[in-house]
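Okay, structure first, notes after.
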Amino acid sequence: MTRLQSPEFTSRRGFIKASAGLLAGTAAFRFPTPAIAQAAPIKVGFMLPYSGTFGKLGQFIDEGFRLYVDQKGGKLGGRPVQYVQVDDESKPENATDNMNRLVGREKADVIVGTVHSGVAMGMVKVARDTNSLLIIPNAGVNEATGPLCAPNIWRTSFSNWQVCQPMGKVMADAGLKNVVTITWRYAAGEQMINAFKEGFQANGGKVVEDLALPFPEVEFQALITRIATLKPDAVFAFFAGGGAVKFVRDYAAAGLSKSIPLYGAGFLTDGTIQAQGDAANGIRTTLHYADNLDLPANKAFLDAFLKKTGKDGDIYAVQGYDAAALLEGGLAGVKGDIAARNALVAEMRKVKLDSPRGPMTFNKANNPVQNVYLREVRNGRNELIKIAQANVDDPARGCRL
Ligand code: BEZ
């Protein structure tokens with residue numbers, strides 16, 4: 001079930017009050033006077049999973065975003081920030097309704113979401129139809145910054161291609177020749193596996209079998225037995241959240257981690273590592289982040305996130321934090337006038353972030369250009385081994401901006 005979680009919206013009375021405030025904001029939006037535009041809050045609509053296998057991921061994105069805003073005194077572009085949350089439950093079938101509700105009834109100035117590539121596809125279509133400002137803080141669906149790219153659609157995370165294609169060369173260089181892939185059967189899984197294969201096959205590797213199960217199922221046993229029968233040199237996997245916790249544990253419990261090394265997209269062990277415990281040791285992944293990146297911005301972020309939430313930050317929190325930083329970068333250039341869309345987008349294009357993940361700029365399709373790191377799980381952390389590929393730019397295939 002979809003939940004609206006803003007305190008202002010917990011009662012009908014509260015809803016009307018918030019709507020009236022928003023209408024005032026809308027009036028300022030149509031007939032701007034600098035003083036009113038400055039005073040009116042910017043309404044951020046979070047459309048994220050707050051429950052289910054990706055629930056923790058959505059929560060961390062939300063908390064990362066709020067941390068950045070708190071550090072700016074509760075403001076973006078000099079204007080106070082108001083939030084409304086929708087739990088999208090990682091259900092693509094509800095994506096259009098949830099998105100329409102945020103841009104329609106809630107009149108959010110900007111939508112921040114989501115985690116799941118299939119849900120993101122629905123959001124992108126509504127954003128294009130309604131010209132709503134959308135910042136994707138996780139979902140890697142290639143189309144969002146590919147054939148469906150648009151000036152109003154931004155991403156502070158990655159494309160599914162971007163984080164997995166570099167792993168092909170890494171594994172081929174490690175002397176691995178025959179690999180089995182395993183994932184959930186949906187857009188992110190398919191696109192990440194295809195990107196890995198593109199890199200691996202170009203470097204002489206062979207994929208002997210692709211295994212998959214429907215999202216978000218976690219009955220891995222039959223597939224793990226199949227891997228044991230095939231005896232590949234290694235396995236490349238994409239799972240995330242609760243599903244990744246169970247897969248890594250099941251793989252180790254079957255005794256395979258000793259004989260068939262497990263590789264994957266970094267989501268396999270990011271945000272999941274504590275729950276995976278020793279089962280995750282030795283897993284190698286590529287991602288645009290590593291826990292121990294020796295960067296002042298990373299150290300400051302991790303300290304602040306721990307102080308505010310009592311939790312260790314991860315890539316999801318970083319992506320939420322950077323979504324707010326991107327918005328701030330754009331809004332600063334238009335004095336907080338979020339309705340000045342063309343000028344805002346022009347300012348956002350110029351943003352260069354000193355992100356906890358390292359330097360980050362945006363390509364013509366509004367996707368980050370960033371380092372992709374090779375990491376290994378050691379002592380309960382995703383430790384940096386090396387930069388797998390520096391400044392990786394998604395090819396933005398099909399984008400006509
Ligand atoms: C996706 O569906 O795009 C996705 C979900 C979790 C982690 C990474 C990607």
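Table for the structure above
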item	result
Tilt relative to the chain, helix 55-71 - C-alpha long axis, 0 to 90 degrees, to 10	50
Relative contact order %, region 94-211, counting alpha carbon pairs below 8 Å whose residues are six or more apart	21
Share, in percent, of DSSP beta bridges within the chain that are antiparallel, nearest 5	35
Inverse mean reciprocal Cα-Cα distance (Kirkwood Rh) of region 228-369, Å	17.3
Whole-angstrom gap from region 382-401 to region 232-310, using each part's C-alpha centre	19
Å² per residue, accessible surface of region 155-277 at 1.4 Å	35
Relative contact order (percent, whole number), the chain, Cα cutoff 8 Å, 6+ residue spacing	18
Cysteines (scope the chain) whose Cβ has no counterpart Cys Cβ under 4.7 Å	164
Measure of compaction for the chain (Cα Rg per 2.2 N^0.38 Å)	0.97
Sequence of 110, 170 when ordered by accessible area, the most exposed leading, probe 1.4 angstrom	170, 110
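The values are calculated or read from the model by the stated rules, or taken from the named source; none is laboratory data. What you are looking at is a predicted structure, and each value in this text was computed from that prediction instead of being measured. Positions of Cβ are backbone-derived with ideal geometry, glycine not excepted, and every protein chain shown enters the neighbour counts. Surface accessibility is based on the protein's heavy atoms, side chains included, excluding ligands, DNA and RNA. Shrake-Rupley method; radii C 1.70, N 1.55, O 1.52, S 1.80 Å.
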